[in-house]
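Read through the structure below, which is laid out as C-alpha cells, and then see the notes.
Taken together, the values in this text are just the output of simple stated rules run on the coordinates, not laboratory data. Treat the numbers as computed from the prediction; the structure is a model and nothing was measured. Virtual Cβ from ideal backbone geometry, glycine too; neighbours counted across all protein chains shown.
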Amino acid sequence: MKLTWLFALLIIVTSCKSDDDGAPVVNEPTTAGMSYALSDQDFTTTYNTLRSALQSNPNISIIAEVNHKSNAQSIGDDLRNTRIIFFGNPALGTSLMQVNQLAGLDLPQKMLVYQDAQNNVFIGYNSTAYLSSRYNVGAAPTLQQISTALSNFAGSATNGIVSENSSSGITFRQGTVTIVSQNDFSTTYSNLRNAIVDNGDLTLVRELDHQLNAQSVGEELDPTRVIIFGNPNLGTPLMKASQTTALDLPQKMLVWQEEDGTVNISYNDPEYLELRHNIQGQSQVVATISSALAGLAVDAAN
C-alpha cells in the first residue's frame, strides 16, 4: 500500500515538472509559415508596444484592429486574449501584387498577439517565405525589406527572438479558392459587398483598394480590392480549438481583374485553415464556413 502511494506521488510530481532546470514549459506555435516571438511582457503591454511602433512609423497605416476576445464575449462565449492588427505600406506591398495579384489576399500585413493557456504571450505573422511559396512572389524586389521590417517589429515589441516555422510544404496557390465572375469588376465587388452588408450574421470590418493605394505611391496595379468581414459565432470555436487560427481571421475575399479583363473572386479555403492550424473537432463549423463563403462568391460572380 505504501509503495502504491509513493508511486502515485511520483507520477504527480513528474507531471507537474516544467523541465530539467525548473523553467516553465513554453508550447511554441507550430503553424506552417508562421514567424513568431515570445514576449517578456504581459499581453496588454506587448500589444500596445506593437501598436505604438506601427503608428509612429510614417510609412505605415494601421488599417484595422480586431479584438477576438471581445467579439467572443459579444456572443456570450469566452476566448483567451487574442487580437490582430492589420497595417500596410503600399510602397512595399504593391510589388508583391505586381508579381501576382492574388498575393492581395494576404495583404495588408497583419500581426497576431495572443496569450496561450500557459499565459505565454506571442506575436505571430505570416513569414515572407510563406508568402513567397504561396504566391510565387520571390522575385518581388521588396520582399527582403518586408521580412526585415516585420521581424524588427515583432522582436522589439516582445524583447524576444523571432523564430520561423518552415514553409517548405506550402505550394503555389495552396489553400486558395478562385471563382471567375461573369460580371465586370465593379459589379462583382458591389454584389459581394452588398451580400456581406445585408447578412445579419456578418460584420464588415474593412475594405481596401490595393489599386488606389498603389497609385498613391506612383505605382500601377490592375483593379484589386479586398474586403474583410467576420462572424464571431463561427470564428470563435475555431480559435478556441487552435488559437493561431486568429492569424487567418476575420475572413477576407479578394476581387481582382487580370490584364486580359478576367474578373476573379478569391478566398482562403476553410479546410486549408483547418489543416494549417491543426484545428480539431470543428469539422461541422468548417463545413458551414465553406458553404457560406462559396455562396457569397457564386452570388457575386453570377
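Obtain the radius of gyration and the Kirkwood radius of the chain from its C-alpha atoms and give Rg over Rh.
1.02
Counting only helical runs of four or more DSSP H residues, what would the 222 nm mean residue ellipticity of the chain come to if each run contributes -39,500 (n - 2.57) and the total is spread over all its residues?
Details: 11 runs with 125 residues, N = 302.
Theoretical 222 nm ellipticity from helices: -12500 deg cm²/dmol.
Show which aspartates and glutamates lie in cross-link reach of Lys252 when reach means a straight Cα distance below 17 angstrom and same-chain residues fewer than eight apart are skipped.
Counting by Cα, and skipping residues close in sequence, Lys252 has these aspartates and glutamates nearby: Glu65, Asp106, Asp198, Asp201, Glu207, Asp209, Asp269, Glu271, Glu274, Asp299.
Taking the range 171-232 as the region of interest, what is the percent of Cα-Cα pairs per 10 angstrom bin, listed from the shortest bin to the one with the maximum distance?
18, 40, 37, 6
Roughly how big is the range 32-301's charge dipole about its Cα centre, with Cβ charges of +1 (Lys, Arg) and -1 (Asp, Glu), in debye to the nearest 20?
Around 560 debye, computed over the range 32-301.
Relative to the longest principal Cα axis of the chain, at what angle does helix 43-55 sit, 0 to 90 degrees, rounded to 10?
30 degrees
What are the chymotrypsin sites (Phe, Trp or Tyr not before Pro) within the range 163-220 that DSSP puts in a loop, where the Cβ has at most 14 other Cβ atoms within 10 Å?
Phe172
Tell me which of Leu275, Val205, Asn152 sits at the most positive position along the dipole axis of the range 32-301, charges placed on C-beta atoms (Lys, Arg +1; Asp, Glu -1).
Asn152
Which of Ala129, Ala149, Ala195 ends up with the largest GNM mean-square fluctuation for the chain, with Cα atoms connected below 10 Å?
Maximum fluctuation in the GNM of the chain, among the listed residues, is at Ala149.
Normalised by the empirical 2.2 N^0.38 Å for globular proteins, what value does the Cα Rg of the range 255-302 take?
With N residues counted in the range 255-302, Rg over 2.2 N^0.38 Å equals 1.41.
Return one number: the angle in degrees, 0 to 90 and rounded to the nearest 10, between the long axis of the Cα atoms of helix 283-301 and the longest principal axis of the Cα atoms of the chain.
10 degrees
Over the chain, what is the relative contact order in percent, taking alpha-carbon pairs closer than 8 angstrom and at least six residues apart? Can you show the working numbers first?
Working: 536 pairs, mean separation 62.2, N = 302.
Over the chain, the number comes to 21 percent.
Can you tell me the orientation of helix 143-158 relative to the chain, as the angle in degrees between its alpha-carbon axis and the longest Cα principal axis, to the nearest 10?
Relative to the chain, helix 143-158 is tipped by roughly 40 degrees.
Let me make sure I get this right: for the range 117-240, a, b and c are the square roots of the gyration tensor eigenvalues over alpha carbons, sorted descending. Under 1.5 in a/c it's rounded, otherwise prolate if a/b > b/c, else oblate. Which is it?
oblate
Are there GluC sites (Glu not before Pro) in the range 216-287 that DSSP marks as loop and that have at most 11 other Cβ atoms within 10 Å, and which are they?
Hits after loop and neighbour filter: Glu220, Glu259.
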